[in-house]
Amino acid sequence: MGKPAARVNYYVAPDGRGGWKGAREGAARPTVKAATKAEAIRLTIEAAKKQSLACVRILRTDGSVQEERSYPRASDRRARG
């Protein structure tokens, strides 16, 4: 049996210019850029769903974590009973 796939982490955060960005952890450039937080979340989730195992952390403007979502949803540790 092989190693399980590594989780790919994405972050949605302010871009410092009044917009929002979604970036893969460790990437030099953002995966997505958007004018609104909602749009950045939607586009980042679309990118995350293309991975076999991914996590999207949505940050507030102060840098604290607002929400964390795992994909596929069945892989979310908190969703298990």
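The values are calculated or read from the model by the stated rules, or taken from the named source; none is laboratory data. Note that this is a predicted model, so its numbers are computed, not measured. All Cβ positions, even for glycine, are placed from backbone atoms using ideal geometry, and neighbour counts span all protein chains on display.
Where residues in the stretch 30-62 are in contact (Cβ under 8 Å) with a residue 40 or more places away in the chain and not in a loop (DSSP other than H, G, I, E, B), which of them is nearest to PRO14 (Cα to Cα)?
Filtering first and then ranking leaves LEU59.
Yes or no: the stretch 17-40 includes at least one residue that is on the phi > 0 side of the Ramachandran plot and out of contact with any Ser or Thr (no Cβ under 8 Å at 6 or more places or on another chain).
Scanning the stretch 17-40 turns up at least one residue that is on the phi > 0 side of the Ramachandran plot and out of contact with any Ser or Thr (no Cβ under 8 Å at 6 or more places or on another chain).
Looking at the stretch 64-77, which of its residues are exposed (fewer than 12 other Cβ atoms within 10 Å of the Cβ) and either assigned to a strand (DSSP E or B) or at pLDDT 95 or above (or both)?
Matches in the stretch 64-77: SER64, VAL65, GLU67.
Would you tally the residues in the stretch 5-26 being among the hydrophobic types (A, V, I, L, M, F, W, C), in a loop (DSSP other than H, G, I, E, B) and at pLDDT 95 or above?
0
Can you confirm whether the stretch 30-48 contains a residue that is surrounded by 12 or more Cβ atoms within 10 Å (Cβ to Cβ), over 9 Å from the mean Cα position of the chain (by Cα), β-branched (Val, Ile, Thr) and modelled with pLDDT of 95 or more?
Yes: the stretch 30-48 contains one or more residues that are surrounded by 12 or more Cβ atoms within 10 Å (Cβ to Cβ), over 9 Å from the mean Cα position of the chain (by Cα), β-branched (Val, Ile, Thr) and modelled with pLDDT of 95 or more.
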